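Okay, structure first, notes after.
What follows draws every value from the coordinates through simple rules; no lab data is involved. Small disclaimer: the values here were computed from a predicted structure and weren't measured. So basically every Cβ, Gly included, is an ideal-geometry build from the backbone, and we count neighbours across all protein chains shown.
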Amino acid sequence: MTDSLTLPAPAAAAGAPGPAGLPRLLPATGIVPVDLRAHLARHGPLRYAGGPGRLVAEVAAAGLTGRGGAAFPVARKLAAAAEASPAPLVVGNGAEGEPASNKDRSLLWISPHLVLDGLQLAAEAAGSGTAVLYVRRNQRLHGRLAQAIAERAAAGIDAVRVDVVSAPDRFLAGEESALVSRLTGKPALPAYRSVRGLPRLGPGRPALVQNVETLAHLALIARYGAAWFRMAGTEAEPGSMLATLYLPDGRTSVTEVPLGTGLADLLGLDPAAAGPGVDSVPSVGGPVRAVLVGGYHGAWLPAAEAARLPLANAALRPLGASVGAGVLAALPADRCGLAETARVARYLALESAGQCGPCFNGLPRIAAALDHLAGPRPDQRARTDLERWAGLVTGRGACHHPDGSVRFIRSALRVFAAEAGLHERGRCTGTDPRPFLPLPAGRPASDADWS
Amino acid sequence: MERRLRVDPVACAGHGACAELVPELITRDEWGYPIVADQSVPRGLRREARRAVSNCPALALALTRVA
């Protein structure tokens with residue numbers, strides 16, 4: 001990141017020597033919620049930076065990027081927020097509408113005080129007097145957060161008040177403009193923006209929106225400093241991140257990993273058995289056909305290719321994939337990747353906000369064509385139709401839903417090209433018809449549940 | 001300074017008036033929604049472009065300056 005060169009060097013690196021190794025955000029063992037006493041025993045008191053903008057240089061030196069999926073440099077957003085007038089509303093985004101991601105709700109459940117610390121620091125950096133935690137609708141989680149906020153109020157450690165707002169259970173609920181819309185009392189629908197910069201709540205107040213995991217990292221950088229943060233990760237992509245892993249035997253977990261870790265290590269793939277032309281790769285959970293990287297706006301990679309790649313955008317982006325919010329799913333060799341993708345594509349089409357003509361019209365047609373291609377002896381017109389529609393929806397939405405959905409679907413057609421050839425001849429290598437990738441149960445979605 | 005036509009895709013309802021007024025720069029997709037050519041508006045078409053903007057029933061079209 002070039003910003004760290006132009007900004008003043010951070011003042012004396014913060015506080016105590018940081019704890020060595022991982023995990024940083026979650027307890028070393030167990031999934032028991034960490035109360036305020038245990039949190040303070042582990043990390044010590046929250047270190048305020050002492051004024052708006054003060055934390056920016058340290059965060060720039062740390063190279064922290066947003067952990068919600070876009071990996072935008074946090075220091076740049078904080079700097080914009082510190083200069084904005086009036087002072088922005090600071091929002092912790094824990095909507096986590098991506099059905100395959102569990103990391104934000106896990107973090108909020110287990111380590112709410114790290115997130116709340118980070119929210120206070122972001123509010124201080126932005127010179128803001130109030131903050132909002134935007135969290136998916138879940139009674140137990142909201143109860144837990146109310147309890148954590150009450151603990152802090154009793155201890156008198158928060159500088160600004162925190163309101164918890166519930167996010168609708170929709171894929172796009174956490175999209176920044178949808179979040180902003182929800183906070184102004186309207187449905188959580190994405191909005192068209194013709195100007196760059198911080199989003200605005202109506203015509204007035206700007207908003208600084210950061211993913212909840214990003215805030216937790218912020219809380220640790222403020223305590224232990226940039227050099228400590230960089231002890232994990234790569235030079236270009238420092239630090240750790242929470243990942244949601246799906247192994248082929250059905251096991252799933254949320255785990256904190258350094259950026260740059262090999263996907264083979266994370267998923268237990270045998271890299272020695274990977275190579276060009278290899279159809280599936282053995283792993284601890286059974287043979288793997290392909291790996292979905294970055295969730296339902298992410299991309300499939302052949303298992304043989306994935307086994308040689310690190311979890312880093314520098315390596316993934318040239319292949320059309322990205323780290324995203326850390327979803328990694330190893331598809332078992334006995335499942336049909338086209339059928340899996342078609343199932344998710346139908347969900348993505350239903351999760352269109354229905355506001356933009358190309359997305360509203362295109363995604364259901366694309367999903368139907370893919371469903372057809374996932375069946376036996378498909379009409380080849382479905383393939384040419386799909387390609388045309390994919391071209392028509394890309395770049396024509398107010399948000400990135402059509403672009404992300406098309407990226408995911410096109411990656412399937414690339415990675416499962418041999419499978420598509422078999423389907424043309426009436427065959428399929430998938431022998432297990434059970435769904436693998438997670439989707440929300442008990443829908444259908446309706447127009448009414450956007451708020 | 002360069003000018004470009006931009007569509008607000010949320011506001012756009014696919015009336016298609018723009019495509020009739022500046023067919024050189026705007027075509028319609030198979031669902032009736034405008035596809036704007038990825039190019040600046042030539043001087044000779046600025047008048048038509050401005051008319052398309054003011055005639056959009058949904059106020060979804062804008063002529064913007066690009067530095």
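Some points to look at:
- Projected onto planes of every orientation and averaged, the convex hull of the alpha-carbon atoms in region A:3-229 covers 12.0 nm².
- From largest to smallest, the equivalent ellipsoid semi-axes obtained for region B:2-66 from the alpha-carbon gyration tensor read 17, 12, 11 Å.
- Relative contact order (%) - criterion: Cα under 8 Å, at least six apart; region: region A:240-332: 33 percent
- Student exercise, region A:240-332 dipole from Lys, Arg, Asp, Glu Cβ charges, in Debye to nearest 20: 160 debye
- Among beta bridges that DSSP assigns inside chain A, antiparallel share in %, nearest 5: 50 percent
- Averaged over peptide A:349-361, the number of partner chain Cβ atoms lying within 10 Å of each residue's Cβ comes to 3.
- Residues whose placed amide H lies under 5 Å from that of A:Met241, excluding near-sequence neighbours: A:Val257, A:Leu259
- Ranked A:Leu215, A:Leu208, criterion: other C-beta atoms within 10 Å, fewest first: A:Leu208, A:Leu215
- Peptide B:28-35 shows a mean partner chain C-beta count of 5 within 10 Å per residue C-beta.
- The order of A:Met241, B:Met1, A:Met231, going from fewest to most other C-beta atoms within 10 Å of their C-beta, is B:Met1, A:Met231, A:Met241.
- Convex hull (Cα only) mean projected area of region A:337-441, reported in nm² to one decimal: 6.3 nm²
- Ordered by the number of other Cβ atoms lying within 10 Å of each residue's own Cβ, fewest first, A:Leu141, B:Leu61 fall into the sequence A:Leu141, B:Leu61.
- Ratio of the Cα radius of gyration of region A:300-351 to 2.2 N^0.38 Å, where N counts its residues: 1.27
- Shielding score for B:3-16, defined as the mean number of other chain Cβ atoms within 10 Å: 4
- Amide H within-cut-off set for A:Ser322, under 5 Å, with H built and near neighbours excluded: A:Ala299
- Coordinate range along principal axes, alpha carbons of region A:240-332, Å, largest first: 29, 28, 22
- Database remark: amide H of A:Val90 closer than 5 angstrom to the amide H of A:Thr130, A:Val132, A:Leu208 (H placed geometrically; neighbours at sequence offset of 5 or more, or on other chains; Pro and chain starts carry no H).
- Debye equation applied to the C-alpha atoms of region A:109-226, log10 I(q)/I(0) at 0.13 Å⁻¹: -0.53
- Compactness of chain A - radius of gyration and Dmax, Cα, Å: 22.0, 69
- Of B:Pro42, B:Pro34, B:Pro57, the residue with the greatest mean-square motion in the GNM of chain B, using alpha carbon springs below 10 Å, is B:Pro42.
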